[in-house]
Amino acid sequence: MPIDYVLLTAGQIQVRVRELAADLERNAREPIHLVGVLKGAFVFLADLVRAMEGPVTVDFLAAASYRSGTVSSGEVELVRDLDATVTGRDVVLVEDIVDTGLTLQVLQQVVRSRAPRSLRTVTLLDKPSRRQVPVDVDCVGFTIPDCFVVGYGLDFDERYRNLPDIRVLTP
Ligand code: PRP
């Protein structure tokens, strides 16, 4: 798949990430426990956490959603669990993209079942036109159309995660 065009520049992303960090910290009185969803969210989380003034702690989950090419089969499995307890904490799930919503639905259930004090979700990208299940997302960086995007943590066949911007791939 060749890269077609830049959808979001590195500069646009950095401005929005700072706004999201400020939104998440507004009125926070207890430490915020960020839970990044591997692998895609690692770049976003790294910038988000550095844009926060703290106090903040970080943990990770990993989910595998089974796809053929760019199409999700709908099966989602937790493949890496949290290191630390989330019980009684103010948790923010950090996603790079919400597409069908299937991954987030499962991960929100996993975290909620462990009784956090609060649970919010932030995603850098949202593709609402692809949603198969309803999910609550508290903070969205950018709402994007139904195109296949790579860069800033997002991959195609594990490539392109290192791009500083977000680009569209076309078949
Ligand atoms: C991507 C992304 C989300 C999920 C969103 O992960 O990071 O976790 O897909 O899709 P959905 O809303 O349709 O469930 P992916 O499975 O590509 O793995 P990766 O993060 O390791 O690249």
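The values are calculated or read from the model by the stated rules, or taken from the named source; none is laboratory data. This structure is a prediction, so every number in the text was calculated from the model and none was measured. We place every Cβ from the backbone using ideal geometry, glycine too, and count neighbours over all the protein chains shown. Surface areas here come from the heavy atoms of the whole protein model, side chains and all, with no ligands, DNA or RNA. Shrake-Rupley method; radii C 1.70, N 1.55, O 1.52, S 1.80 Å.
Contact map, segment 95-107: residues that are within 17 Å of Asp59 (Cα to Cα) paired with residues that are of a type in the set (Asp, Glu) and within 6 Å of the ligand (Cβ to nearest atom), Cβ distance under 7 Å, separation 6+ or inter-chain. Pairs shown: Leu104/Glu95. Filtered by the rule that a residue be open to solvent by 30 Å² or more (accessible area, probe 1.4 Å) and under 13 Å from the mean Cα position of the chain (by Cα), segment 104-135 gives Gln105, Arg120.
Okay, residues lined up against (1) modelled with pLDDT of 95 or more; (2) open to solvent by 60 Å² or more (accessible area, probe 1.4 Å); (3) more than 15 Å from the chain's Cα centre (by Cα); (4) among the β-branched types (Val, Ile, Thr):
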| site | (1), (2), (3), (4) |
| --- | --- |
| Leu8 | yes, no, yes, no |
| Val35 | yes, no, no, yes |
| Asp59 | yes, no, no, no |
| Val76 | no, no, yes, yes |
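Taking segment 55-171 and the strands (runs of 3 or more DSSP E) fully enclosed by it, the elements with 1 or more residues that are over 14 Å from Gly36 (Cα atoms), within 11 Å of the ligand (Cβ to nearest atom) and not basic (Lys, Arg) are at 56-68, 71-80, 118-126, 148-150.
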